[in-house]
Amino acid sequence: MSQEIATIRVTRYRPEKDSQPFFQEYKVPYRHDMVVLDALNYIKAELDGSLTYRWSCRMGVCGSCGANIDGEPKLTCASFLHEFKDRTITVEPMSHFPVIKDLVVDMEDFMEKLVKIKPWIIRKKDSLVEEGEYRQSSKELDRYQQFSSCINCMLCYAACPIYGLNEKFLGPAATALAYRYIEDSRDQGKDIRFPIVHEIEGVWECTLVGECSVVCPKGVDPMLAIQRTKILGATNAIKSILMPRGGR
Amino acid sequence: MAENKHYPELRKRLTPGWWTANRHYAMYMVREWTSLFVALYSLIFIYGLSLWATGSRADFLNFLKNPAVIGFSLVALVFTMYHAATWFYLLGAVAPVKIGRSKTKPWQALILNLILLVIVSYLAIWLVVLR
Amino acid sequence: MKMETHKVAKLHAILWGIFSLGGMIAAFLLPVMIYMTAIAYPFGLWPFSRENPACPSCLTLVRDPSLLVTGHLLGALFVFVTIAGSLFHGIFRFQSALTEVGLLKYRRALEAVGYFIIFVGIIVLAYYLIAWYLNGTIT
Amino acid sequence: MEHHNHDIVIVGGGAAGLRAAIAAVELQPKMDVAVVSKVYPMRSHTVSAEGGMAAVTREYDNFDSHAYDTIKGSDFLADQDSVEFFVKEAPRESYQLEHWGCPFSRDPDGRISSRAFGGMSVKRTLFATDKIGFHLLHTLFQTSLKYENIHRYDEWFVTSLLVDKDRVEGVTAIEMRTGELVTILGKAVIIATGGCGRIFQFTTNGWIKTGDGMALAYRAGVPLKDMEMVQYHPTLLPNTGILITEAARGEGGHLLNKDGERFLKRYVPGKMELGPRDILSRAEMSEINAGRGFDGPYGSYVNLDLTHLGEITIEDKLPFVKELAEKYLGIDPAHEPIPVRPGQHYMMGGVHTDMHGFTGMPGLYAAGEAACVTMNGANRLGSNSLTECLVFGAAAGRAAAQSAMKEISPSFGNPVQGEAMMEEKRIFDQLLKHEQGERISGIRTEMQNEMEKDVGIYRDENSLKEACRIVGALKTRLKNGIVEDKDHVYNTELVSALELDFMLDVAETIPYSAVLRHESRGAHFRTEYTKRDDAHFLKHSMAYKTAGPPRIDYSPVMITRWKPEERVY
């Protein structure tokens, strides 16, 4: 029986050798239950040890392996070869990020944005751990839980044209995480975090393209987080005009 | 830490035609451009009122009967409806209502809002004309 | 911790609030407005037509769209809210759409032109309506 | 050569490493801490832990019960003083994590929910749906961003420890982005690199779990303790090795054989699906060997049946199980059973430390799966490992900070500089320049298959000796391995070669330790010695690096209050 074949076209860019990126095609033995990451691993082990990409958990939770697959940002570990026509699949680095090598992109910009939104619980006064946990109802948990599910895979940034046009935009994942803390009943840092997200290049750049929420592999809805954050911003601004003396 | 950039940065920039790359982006851009018709209709209506203010009520009414104005307005109506539908859909996506264990889907919000639109439209007509 | 300063875009936040409200208005009120001015009135359809009791088969135009403005104060308010809201929403959004197709460099200029149009449009509209109200055209 | 200087250098950015970093700066705010990780910390394999973390938080529970369960689970090989320390610190660490924002699932009264877990006599496993590892890691990582004195070296691969007169002075690391070898000096080094599951072919572990830290310490002269104790988890997806959490059984899931029978009644009648992992894994293999398993394209398996739990329980308590089953098998666990088979999951063994993470070599500490404290003995109980990372990560962080306060900074002179130059030569002039030889990926696959075949759930003299021989031969072959990618920038193939070099060193200690243990205890099962032998083997094996094969020595087990007894469930 002849072995079925899938064709993988991968962007190659090795800054020490190449001045321009180019596509390289590899033929990979096809199995129905194979994901794109399996194909890349096959290439690296058997065909070309120099192919460069990131991966680790291969179960959709570490967030390392994002790429543009046939033009759409996806996790390579969660994209099955059988989902693609003709078994010919184009794999490119995620859009909007500088490319370090082949499929590996530079995500330092996000790491800076993450620090900027202060992604930790801010309390006016910390309680002692000896006093036990902060009580939180399931309802309160539900208000922020989905936003805490962000795996920082950067697919939403790759999908966001606004970020592509203006990298100063805080962007989907960072806002979703900021909103996660804003909505956490244990957090008391609104006054510190609002000014950060309500800068002009915080949430206001977003024009509701909505693609971030479409590509998110974990069901997080960054668009929702951004819209709600905008509503909070508008309400605060109006309140501060109506009640200039600390009516917040 | 890695400040030392030895190599030129490779980064694909978006071109003005980026929104042709996929269907979602294209739909988004159409939605954005429909806003031009919303704005133009408003400006044209204000212009019509100015004919009345500087001339007579008949000038205004004739202006409304001008085929070009009607034609444009009909196009604007189509786009406004498109705007309304996408807006309703987004409303459902941004503020889903929780009923029991499940949340409303955006398309359910769309349908509910369309029904609401019919009611609001009738109320408006009643308020300004029929009453 | 280092001191950080953040420029909260307060004005932008308020403008966005109006834009958002305008979106709601354009979605819910503009369709019926266009229907009345561009379909019902020119083509003599409901609600501007009414059966003539003397001639059941012919339609007579019994109301004209100037009622929109001059019927009641509420009508004038409806026109103002719908037109001003839609204008604000439409221009605001169109101007941002332009920045997305290669004109990001000219954002400041686009915003200036956009807000100028909005400002002038709304002032003119309000001027007519207030004037008509003051001289008794609108009752 | 470029060099950096910090007070403490932490190798590894998972739960243990980040907890150690925070503990160090909280103890001493001026402490300058470096976290060196070969991936961005939020990619660390802690992220894949699913079920929960154990701690005594309820009125119905007590420290002695948690300690006894852990010790019994360990088949009495755990050091009981470490276990007592662990159970007492566990609630503190859990509440600390909650205060830092971990989105734990909640009871109606607002307290953290707890669920049943294998080998635990009461419900004491705290959870955040079935993604506790993910939430714990991101909570720790995001909290660590608050401290300006925690400096991160993301995507730096540590290649060696720098040692001066038996004292650790820092590490050498490749900055992957540039491909430069750089030294990072510190007054103390904490190893928190996790386990080495990728030595095996069929494992739940991510690609990055290559035992780097174990090998670093081992090469520097610190023994690896209890390496024969390899945990096989009973429920992995047959093709990929993706883990289906024990919480699926904690919430009431059943294991069924081909006849639809809950076969565990023949093995652990008192606990059934909540028996410890070593016994359950062997039970599954017994069923399969007796012809009562299902045959599939990826070997024989049994079924994990959750269909009776109902959609609501699955969605609320096990959403990740649902997601994984849907995505990777195309089945809905509310309607179809999940095929599972046992596979490598965790290393009870690791770098020898005391309960403050101290390895015995001045300046060197270890914590987490990389370390062997030892509190897991011959078999770890599910949900103890995340808590272990927090408790002993914090302990190691504090101990390292206290020692660093007393020391003076090492300087970049000889012999450290000389060692670093040698390392540079080894990597770039020898390994990378090597032009002819075999692909390293082939050697890696052979190692994984061999470990799978001969150092698995059932072991005997012949299989273990064969493994010793083959791993030894592979080490020789690796000297002739080639790296095709000659670039410096982000050379993942070079890193893989160095990882394989680490893995082979660590892999070798496993059969060498196992072959000498003529008994069956916990996860270590010898077909020719099926009984536990406390008279001869109630002791830890210690593997030391030599020029040849590892030298195996022993150290006593600390027994405090619980005398070894027969382990029945």
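Per DSSP H run of at least 4 residues, take -39500 (n - 2.57); add these up for chain D, divide by its residues and hand me the 222 nm value, nearest 500 deg cm²/dmol.
Details: 15 runs with 190 residues, N = 569.
Helix contribution divided over all residues of chain D: -10500 deg cm²/dmol.
Tell me, what is the Rg over Rh of segment A:5-105, with Rh the Kirkwood radius over Cα pairs? Kindly include the intermediate steps, with their values, before the conclusion.
Details: Rg = 12.5 Å, Rh = 13.5 Å.
Rg/Rh for segment A:5-105 comes to 0.93.
For segment D:237-343, just say rounded, prolate or oblate: build the C-alpha gyration tensor, square-root its eigenvalues into a ≥ b ≥ c, call rounded for a/c under 1.5, and beyond that prolate if a/b exceeds b/c, oblate if not. It would help to have the intermediate numbers written out before the result.
Working: a/c = 1.78, a/b = 1.27, b/c = 1.40.
In terms of gyration-tensor shape, oblate.
Using only the alpha carbon atoms of chain D, find the Kirkwood hydrodynamic radius as the inverse mean reciprocal pair distance, in angstroms to one decimal.
It works out to 23.6 Å.
In chain A, carbon and sulfur make up what percent of the accessible area (probe 1.4 Å)? Spell out each step's value before the answer.
Numbers: 4680 of 9230 Å².
C and S atoms contribute 51 percent here.
Which whole-number percentage describes the relative contact order of segment A:5-105, with Cα contacts under 8 Å and a sequence gap of 6 or more? Each step should come with its number before you reach the end.
On the way: 188 pairs, mean separation 34.5, N = 101.
Computed over segment A:5-105, the figure is 34 percent.
First select every other residue whose beta carbon is under 13 angstrom from the beta carbon of A:Met154; then total the charges, Lys and Arg +1, Asp and Glu -1. Please list the in-between numbers first.
Details: positive: A:Arg54, A:Lys74, A:Lys113, A:Lys218, D:Arg43; negative: A:Asp106, A:Glu108, A:Asp109, A:Glu167.
Local net charge: +1.
If you build the convex hull over the alpha carbons only and average its shadow over all orientations, what do you get for chain A? Give it in nm² to one decimal.
Numbers: hull surface 70.5 nm².
That works out to 17.6 nm².
Which parts of segment A:1-50, residue by residue, lose 40 Å² or more of accessible area when the rest of the protein chains are there, as against the chain isolated (1.4 Å probe)?
A:Tyr13, A:Pro15, A:Glu16, A:Asp33, A:Lys44, A:Ala45, A:Gly49
Using a 1.4 angstrom probe on protein heavy atoms only, which residues from segment D:479-512 are buried by at least 40 Å² of accessible area when all chains are present rather than their own chain alone?
D:Asp485, D:Asp487, D:Val489, D:Tyr490, D:Thr492
Treating only the Cβ of Lys, Arg, Asp and Glu as charged (+1, +1, -1, -1), what charge dipole size does chain D show about its Cα centre? Round to the nearest 20 debye.
With only Lys, Arg, Asp and Glu charged at Cβ, the dipole is about 760 debye.
Show me, for segment C:102-113, the HN-Hα J-couplings you get by feeding each phi into the Karplus relation (A = 6.51, B = -1.76, C = 1.60, θ = phi - 60°), rounded to Hz, glycine and proline as x.
Result, ordered by residue: x, 9, 4, 4, 9, 3, 4, 5, 4, 5, 4, 4 Hz.
Which pairs, out of A:Lys101/D:Lys486; D:Lys165/D:Lys225; D:Lys531/D:Lys563; D:Lys131/D:Lys317, put more than 20 Å between their alpha-carbon atoms? Please list the in-between numbers first.
Values: A:Lys101/D:Lys486 13 Å; D:Lys165/D:Lys225 23 Å; D:Lys531/D:Lys563 17 Å; D:Lys131/D:Lys317 10 Å.
As for pairs spanning more than 20 Å Cα to Cα, those are D:Lys165/D:Lys225.
Report the A-B buried area as the accessible area lost on both sides summed, probe 1.4 Å, in Å² to the nearest 100.
Details: alone 13800 and 11130 Å², together 22780 Å².
Answer for the A-B pair: about 2100 Å² buried.
What is the dipole size for the protein assembly as shown, taken about its Cα centre, with +1 at each Lys and Arg Cβ and -1 at each Asp and Glu Cβ, in debye to the nearest 20? Could you put the intermediate results ahead of the total?
Details: 119 positive and 122 negative charges, 606 e Å.
Approximately 2920 debye in magnitude.
Which percent of the accessible heavy-atom area of segment B:24-130 goes to carbon and sulfur, probe 1.4 angstrom? Can you show the working numbers first?
Values: 3930 of 5160 Å².
Carbon plus sulfur share of accessible area: 76 percent.
Could you size up the charge dipole of segment D:418-556 around its Cα centre, putting +1 on the beta carbon of Lys and Arg and -1 on that of Asp and Glu, and report it in debye to the nearest 20?
Values: 21 positive and 26 negative charges, 105 e Å.
Computed charge dipole of segment D:418-556: roughly 500 debye.
Please compute, over every Cα-Cα pair in the protein assembly as shown, the percentage with a separation greater than 49 angstrom. Provide the component values of the computation, followed by the final result.
Numbers: 194060 of 590241 pairs.
So the pairs more than 49 Å apart make up 33 percent of the total in the protein assembly as shown.
Select from D:Val506, D:Tyr218, A:Met59 the residue farthest towards the positive end of the dipole of the protein assembly as shown; place +1 on Cβ of Lys and Arg, -1 on Cβ of Asp and Glu, and compute about the Cα centre.
A:Met59
Could you point to the residue in C:Ser86, D:His6, D:Gly17 farthest towards the positive end of the protein assembly as shown's charge dipole, with +1 and -1 charges on the Cβ of Lys/Arg and Asp/Glu respectively?
The residue sitting farthest along the positive end of the dipole is C:Ser86.
Which listed residue (B:Trp126, B:Met29, B:Ala95) has the Cα farthest towards the positive end of the charge dipole for segment B:24-130, taking +1 on Lys and Arg C-beta and -1 on Asp and Glu C-beta about the Cα centre?
The listed residue farthest towards the positive side: B:Ala95.
What whole-number value in Å² describes the accessible area per residue of the protein assembly as shown for a 1.4 Å probe?
Details: 40450 Å² over 1087 residues.
Per-residue value: 37 Å².
Give the Kirkwood hydrodynamic radius (Å, one decimal) of segment D:418-556, defined as one over the mean of 1/r across all pairs of different Cα atoms.
This gives a value of 16.7 Å.
Calculate what fraction, in whole %, of the accessible area of chain D sits on carbon and sulfur atoms when a 1.4 Å probe is rolled over the protein chains. Write out the running numbers ahead of the final one.
On the way: 8790 of 17190 Å².
Here it works out to 51 percent.
Exactly which trypsin sites (Lys or Arg not before Pro) in segment A:122-223 are in a DSSP loop and have at most 11 other Cβ atoms within 10 Å?
A:Lys124, A:Lys125
Using protein heavy atoms only (no ligands, DNA or RNA), what is the total accessible area buried between C and B, 1.4 Å probe, nearest 100 Å²?
That pair hides around 4900 Å² of surface in total.
The values are calculated or read from the model by the stated rules, or taken from the named source; none is laboratory data. Keep in mind that what you see is a predicted model, and the values were worked out from it rather than measured. Reconstructed Cβ throughout: ideal geometry from the backbone, glycine too, with neighbour counts over all protein chains shown. These accessible areas exclude ligands, DNA and RNA; they are computed on the full protein's heavy atoms, side chains included. Shrake-Rupley method; radii C 1.70, N 1.55, O 1.52, S 1.80 Å.
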